Amino acid sequence: MEGLTRTGLQVVANLRETGDMIAFKHTLFALPFAVISLITAATPRWPEARVWLWVGVAMVSARTAAMAFNRLVDHAIDARNPRTASRSLPAARLSRRFVWTITGASVVLFLFAAGQLNPLCLALAPATLAVLLGYSYAKRFTAASHLWLGLALGIAPVGAWIAVTGSLAWPPVVLAAGVCFWVAGFDVIYSLQDDVFDRENGLYSLPARLGRKRALAVARLSHLTAFTAFVAFALAAGGGTLRLVGVAAAGALLAMQHRLIAVDDLGSVNAAFFTANGTLSVLMCALFCFAKITG
């Protein structure tokens with residue numbers, strides 16, 4: 001009995017550590033945009049309960065698989081980087097075998113969830129996994145890795161739309177473009193912290209390849225493109241005060257990020273990355289939902 005109790009406690013500890021490793025709270029970045037796409041695709045009704053359920057399962061399992069696989073692929077790199085050396089794998093708080101198990105289980109769950117939605121979701125699931133898992137290698141050969149990450153998150157609203165309608169249309173593609181450039185921009189900002197390390201280790205981040213000043217200029221252009229796409233989607237979704245206020249608030253939060261960050265002062269990177277972007281996605285989602293409710 002004592003052995004079983006010890007094993008159970010270890011499993012709980014590992015799962016808690018896994019939640020930290022995959023930064024589960026950052027699911028807030030992409031999930032709200034999937035919700036926006038879901039409720040827009042179902043207009044004038046609301047999505048069925050089973051669609052909500054399986055889209056949620058697909059989102060969480062896909063992100064878990066991608067993040068866990070990324071930690072496996074970057075294990076050696078994270079161990080060399082002082083900023084990431086305390087992560088779960090380099091610090092040996094989790095074993096590679098356990099993380100591989102989490103990755104595999106998440107992939108299986110994602111494929112099952114896609115199959116519960118509709119045939120097109122299931123047919124596109126392997127390609128989705130290729131994008132999500134392939135990102136882990138991107139920084140080794142292309143400075144477009146930031147856009148690749150954006151594409152990985154931008155898939156969410158497209159998948160949500162297909163989950164409701166069983167087909168693709170142009171509005172979710174516009175929203176996906178907005179998410180893609182939004183994520184690419186803030187990922188460039190976040191990677192400013194590692195520009196020296198990336199350069200010394202032959203990794204292809206934009207700050208390492210272009211320098212901080214030009215990388216920040218690219219991030220600003222990415223966020224301007226994202227804002228334009230968000231406006232276009234809001235209009236396609238029916239416009240209205242609440243949706244446009246949501247997009248305006250997103251624009252203000254994007255601008256705030258660039259006021260917080262300077263080439264020679266990265267002290268506010270975490271505020272720009274976590275607070276501003278988490279608020280942006282949740283606020284936009286809330287206002288789109290209120291717009292739907294008030295009709």
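The table below lists the values:
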{"item": "Selection within segment 156-176 - under 22 Å from Val218 (Cβ atoms) and crowded, with 22+ Cβ neighbours inside 10 Å", "result": "Leu175, Ala176"}
{"item": "Selection count where residues are more than 30 Å from Thr165 (Cβ to Cβ) and among the hydrophobic types (A, V, I, L, M, F, W, C), scope segment 50-107", "result": "15"}
{"item": "Test: residue in segment 61-77 that is among the basic types (Lys, Arg), farther than 28 Å from Pro32 by Cβ and modelled with pLDDT of 90 or more", "result": "no"}
{"item": "Residues (surrounded by fewer than 21 Cβ atoms within 10 Å (Cβ to Cβ) and touching a helix residue (DSSP H, G or I) at 6+ places or on another chain (Cβ under 7 Å)) located in segment 228-244", "result": "Val231, Ala232, Ala236, Gly240, Leu242, Leu244"}
{"item": "Wholly within segment 179-279, helices (runs of 4 or more DSSP H) carrying at least 2 residues that are under 18 Å from Ala30 (Cβ atoms) and either touching a residue at least 24 places away in the same chain (Cβ under 8 Å) or touching a Cys at 6+ places or on another chain (Cβ under 8 Å) (or both)", "result": "212-236, 241-260"}
{"item": "Which listed residue is within 19 Å of the chain's Cα centre (by Cα) and more than 14 Å from Val60 (Cβ to Cβ), from Leu109, Leu120, Leu129", "result": "Leu129"}
{"item": "Candidate set from segment 110-125 (those that are touching a Ser or Thr at 6+ places or on another chain (Cβ under 9 Å) and of a type in the set (Gly, Ala, Ser)); member that is farthest from Ile155 (Cα to Cα)", "result": "Ala113"}
{"item": "Segment 83-106: number of residues that are out of contact with any Asp or Glu (no Cβ under 6 Å at 6 or more places or on another chain), touching a residue at least 60 places away in the same chain (Cβ under 8 Å) and not β-branched (Val, Ile, Thr)", "result": "3"}
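The values are calculated or read from the model by the stated rules, or taken from the named source; none is laboratory data. As the structure is a computational prediction, the values presented were derived from the model and not from experiment. Ideal geometry is used to build each Cβ from the backbone, glycine not excepted, and the neighbour counts take in all protein chains shown.
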